[in-house]
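Taking it in order: structure first as structure tokens, then the write-up.
The values are calculated or read from the model by the stated rules, or taken from the named source; none is laboratory data. The structure displayed is predicted, hence computed values, not measured ones. As a convention, Cβ positions derive from the backbone with ideal geometry for all residues, glycine included, and neighbour counts pool all protein chains shown.
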């Protein structure tokens, strides 16, 4: 789940009044278990019907909550499930990021997501023995695509692409608009974003990142960031155009088990919810699928390894809101190329 406040229809709070010579269309709806909002320059009228068809097609491929989707049919143990183009593209990217992250990103982690109560199935009890028993079913090496069919190397392998599917949906809509010749748009699905061109006033899109700890002043490099921008509880804003952005965090989606709080991000290498200092990770990349997946990776591997990894990969930048010490002082760390809008 992504936690991310955007200046979407609220973009005008920063940008001012709309230019009368530039008309935009606004669409919104519900997909992938979350809300979406899309705003784009009106060159060909309202395209919402075509956009909804695209999103529904992706849902029929990748949603674990649709019992007839491609991924659900595989999860039910059906043999020779034919992967469509959506599934193949997401699976290919997931495999790539799995390797880049040394296993911190893994869509076969589905049994453990279910175990901890954040997936499409529920378990009554959680104990070390159950975690250990499910770890045998985790590992990208256990699933592959052959002649467009999804194959598993052992029974019990199931998939959950939720940490990458919303970002992919954003990319598909962005490609659709680009192919229509529309260069000015902002697309948001469940907090995952792609922006291109400019808004109605002709300015770059402004995106606000939510403060995970309300009413806190956060220090960054010895200066303070205002945590209340235009009466919204943003910790900072960024300008975005020609890029995608995704934010992941554990500060809202969590469970309390035996009096202990567990976040929704599961480390596929251990089987347990992550316990790092990062409260939220914001990633900017060339496409939203990549940003989406790496936001999850960073939540898993922690602050120092996240910055080290991001600095090694071209075209990706990150901002990390984290607890500094046992006093729970909140700070922000940025990769070297991340730019905020002050």
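If I filter segment 92-113 for residues that are modelled with pLDDT under 95 and surrounded by fewer than 17 Cβ atoms within 10 Å (Cβ to Cβ), do I get at least one hit?
Looking for residues that are modelled with pLDDT under 95 and surrounded by fewer than 17 Cβ atoms within 10 Å (Cβ to Cβ), one finds none in segment 92-113, hence no.
When segment 63-91 is examined, which residues are found to be within 30 Å of residue 307 (Cβ to Cβ) and buried (at least 20 other Cβ atoms within 10 Å of the Cβ)?
Passing the criteria: 90, 91.
On the basis of being out of contact with any helix residue (DSSP H, G or I) (no Cβ under 8 Å at 6 or more places or on another chain), over 30 Å from residue 312 (Cβ atoms) and in a helix (DSSP H, G or I), does residue 49 make the cut?
Criteria met by residue 49.
What number of residues within segment 186-205 are in contact with a helix residue (DSSP H, G or I) (Cβ under 7 Å, 6 or more places away or on another chain) and buried (at least 23 other Cβ atoms within 10 Å of the Cβ)?
8
Residues checked against (1) surrounded by fewer than 17 Cβ atoms within 10 Å (Cβ to Cβ); (2) modelled with pLDDT of 95 or more; (3) in contact with a helix residue (DSSP H, G or I) (Cβ under 9 Å, 6 or more places away or on another chain):
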| site | (1), (2), (3) |
| --- | --- |
| 305 | yes, yes, yes |
| 309 | no, yes, yes |
| 317 | no, yes, yes |
| 321 | no, no, no |
| 324 | yes, no, no |
| 328 | yes, no, no |
| 333 | no, no, yes |
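Quick one: which of 174, 165 is touching a helix residue (DSSP H, G or I) at 6+ places or on another chain (Cβ under 9 Å), crowded, with 24+ Cβ neighbours inside 10 Å and either under 28 Å from residue 144 (Cα atoms) or touching a residue at least 40 places away in the same chain (Cβ under 8 Å) (or both)?
Sole residue among the options that is touching a helix residue (DSSP H, G or I) at 6+ places or on another chain (Cβ under 9 Å), crowded, with 24+ Cβ neighbours inside 10 Å and either under 28 Å from residue 144 (Cα atoms) or touching a residue at least 40 places away in the same chain (Cβ under 8 Å) (or both): 165.
Report yes if some residue within segment 241-248 is in a strand (DSSP E or B), at pLDDT below 60 and under 22 Å from residue 330 (Cα atoms); otherwise report no.
The answer is no, given that none of the residues of segment 241-248 is in a strand (DSSP E or B), at pLDDT below 60 and under 22 Å from residue 330 (Cα atoms).
Tell me yes or no: at least one residue of segment 283-290 is surrounded by fewer than 21 Cβ atoms within 10 Å (Cβ to Cβ), more than 24 Å from residue 168 (Cα to Cα) and touching a residue at least 24 places away in the same chain (Cβ under 8 Å).
Looking through segment 283-290, none of the residues is surrounded by fewer than 21 Cβ atoms within 10 Å (Cβ to Cβ), more than 24 Å from residue 168 (Cα to Cα) and touching a residue at least 24 places away in the same chain (Cβ under 8 Å).
Would you be able to say whether some residue in segment 45-61 is modelled with pLDDT under 95 and over 17 Å from the mean Cα position of the chain (by Cα)?
Looking through segment 45-61, at least one residue is modelled with pLDDT under 95 and over 17 Å from the mean Cα position of the chain (by Cα).
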